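Report on one structure; see the data block that follows.
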């Protein structure tokens, strides 16, 4: 049997690594901060809508997103070290 499954395995590995980094990063944030980032970055919802739903200022959503993404990047780069 032939086929190129390495792309599938790579995607699964990347998803696993992201999920792990997300679990570790999430512990460092309040629920509204995490939701602000998740809804704008993953669910691709407009920032003003997310701000209204979470009862946050638009600026607070941008700040939360920036901080969460920085932590995710840090966790992703560190792997299992922390």
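FYI, it's all coordinate maths here, none of it is from the lab. All figures in this text were calculated on a predicted structure; none of them were measured in a lab. Methodologically, a virtual Cβ is constructed for each residue, glycine included, from the backbone with ideal geometry; neighbour enumeration extends over all protein chains shown.
Output needed: percent of Cα pairs per 10 Å distance bin for segment 6-81, bins running from 0 to the one holding the longest distance. Pair shares across the bins are 20, 45, 26, 9, 0. Note on residue 69 and residue 23: the extension gain reaches 15.3 nm, defined as 0.36 nm multiplied by sequence separation minus the Cα-Cα distance. Computed from the Cβ-Cβ distance with R0 of 35 Å, the FRET efficiency linking residue 60 to residue 10 stands at 0.45. Computed per residue of the chain from DSSP H runs no shorter than four, each worth -39500 (n - 2.57), the mean residue ellipticity at 222 nm is -22500 deg cm²/dmol.
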